[in-house]
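Structure first, then comments.
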Amino acid sequence: MSNRRVVPDDTPLPARAEDLLRELAPQVLGALVRRFGDFDTAEDAVQEALLAAATQWPVEGLPDNPRGWLMQVAQRRMADAVRAEVARRRRETTAFDRDVPDAMPVDQDDTLAMFFLCCHPALSSASAIALTLRAVGGLGTAEIAHAFLLPETTMAQRITRAKKKLATLDRPFAGIDELSRSERLGTVLHVLYLIFTEGSTSTAGPDLHRVDLSTEAIRLARAVHRLLPDHTEVTGLLALMLLTDARRAARTGAHGELIPLAEQNRARWDRTQITEGVRLTTSTLAQGLSGPYQIQAAIAVLHAQAVRAEDTDWSKILDLYLLLEKFADNPIVTLNRAVATAMVHGPAAGLALAATLDDQLSTNHRLDAVRGHLHEMAGDFPAAIAHYTAAAARTPSSPENHYLTLRAARLRHS
């Protein structure tokens, strides 16, 4: 009896296979890396297995056990490479020669292992992001380079250096115990947060969003949440991503120009994502507000629940920012608190708080942008124009530049 399934005509195999391969690739890679500790050789073996699947599955149909099929092919490729290049591993490759798909069990923990491997504390955030997208996200080097506006050769070198750095460490691919998992989880979440943030509001370039990047960050966050469903910060980060991404369609106009939160058409917000984000955030509240992602998700919930901008509960948001600063004391959080302070206590109070950030954010366009907004609230249009113009000159993002320039122009003619 054949172990192949006949796929119905109304379910295109290529699309299904692509999604499946993307999900299974990090699991297979994680199993190989944890067994042999050779990232490059394991990655090559997995790539060959994926190529074989992409070639054979559309013709022969999906196997009954796609993961086992990939694992078996990758095992053989890995065994051939190891046998040819590393004689001292012959005993290990003997086990790989067995014609049994389950010779090395593969489960979701292998995906999690790849997350924690790619977010090794020895790597910089930039290297960890690149390696995560490459090994866990399944993105090609060219795709990652494009997402971060870097030459492909530069990104390739970054990924290569990250792998070489891991290769110099003592057993970096060894099984991760609960202690080391706990120590690295913060880095894993930070990397996913940075990937999403860059996709949600690009730091440079012609577009405000890089949908492929933010979508990939959400997919990866879902994978971590499936593995750690009871962790409040994992849940909070996923909720924050969904609640933020729900506003994407309303954040830009017909020509790609930025539309601030207060002026967005809230009917264009994705209610399905908001519902899920609110549910996830609510599920964490029984344990109290105990982490920065959970608190930011709670802030996003308050924005999402306001039918109109003027219905926003800024007093609660201000309280949450005060709490957030205890967990994530950085100038951007304080700058956001300045906005909330202005909404509760008036623009003068917000400007006074923003003034404390001169040294920390002297070259960041966001400080001038917020000051422009608060001066506009206060009716001081000349000061607002000056700050909007300064912010526009500093931002490398075209949509932000256009928004700030237009804001200043409108005030000049008001």
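For region 349-369, give me each residue that is surrounded by fewer than 17 Cβ atoms within 10 Å (Cβ to Cβ) and among the charged types (D, E, K, R).
Selection gives Asp358, Asp359.
Pull up region 263-290, narrow it to residues that are at pLDDT 95 or above, of a type in the set (Gly, Ala, Ser) and within 30 Å of Asp329 (Cβ to Cβ), then point me to the one that is nearest to the chain's Cα centre (by Cα).
Of everything passing the filter in region 263-290, Gly277 is nearest to the chain's Cα centre (by Cα).
So, in region 39-64, how many residues would count as being touching a residue at least 60 places away in the same chain (Cβ under 8 Å) and not in a helix (DSSP H, G or I)?
The qualifying residues number 2.
Of all residues in region 370-382, count the ones that are among the small types (Gly, Ala, Ser) and either at pLDDT below 95 or surrounded by fewer than 17 Cβ atoms within 10 Å (Cβ to Cβ) (or both). Break it down stepwise before answering.
Going through region 370-382, the residues among the small types (Gly, Ala, Ser) turn out to be 372, 378-379.
Imposing the further condition that a residue be either at pLDDT below 95 or surrounded by fewer than 17 Cβ atoms within 10 Å (Cβ to Cβ) (or both) reduces the set to 378-379.
The total comes to 2.
Each row is one residue, and each column tells you yes or no for (1) surrounded by 14 or more Cβ atoms within 10 Å (Cβ to Cβ); (2) modelled with pLDDT of 95 or more.
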residue	(1), (2)
Gln296	yes, yes
His303	yes, yes
Ala306	yes, yes
Phe327	yes, no
Asn330	no, no
Thr334	yes, yes
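Determine if region 297-305 includes at least one residue that is β-branched (Val, Ile, Thr), assigned to a helix (DSSP H, G or I) and either more than 30 Å from Asp110 (Cβ to Cβ) or without any contact (Cβ under 8 Å) to a residue 12 or more places away in the chain (or both).
yes
The values are calculated or read from the model by the stated rules, or taken from the named source; none is laboratory data. Keep in mind that what you see is a predicted model, and the values were worked out from it rather than measured. Here Cβ is always computed from backbone atoms with ideal geometry, including for glycine, and neighbour counts include all displayed protein chains.
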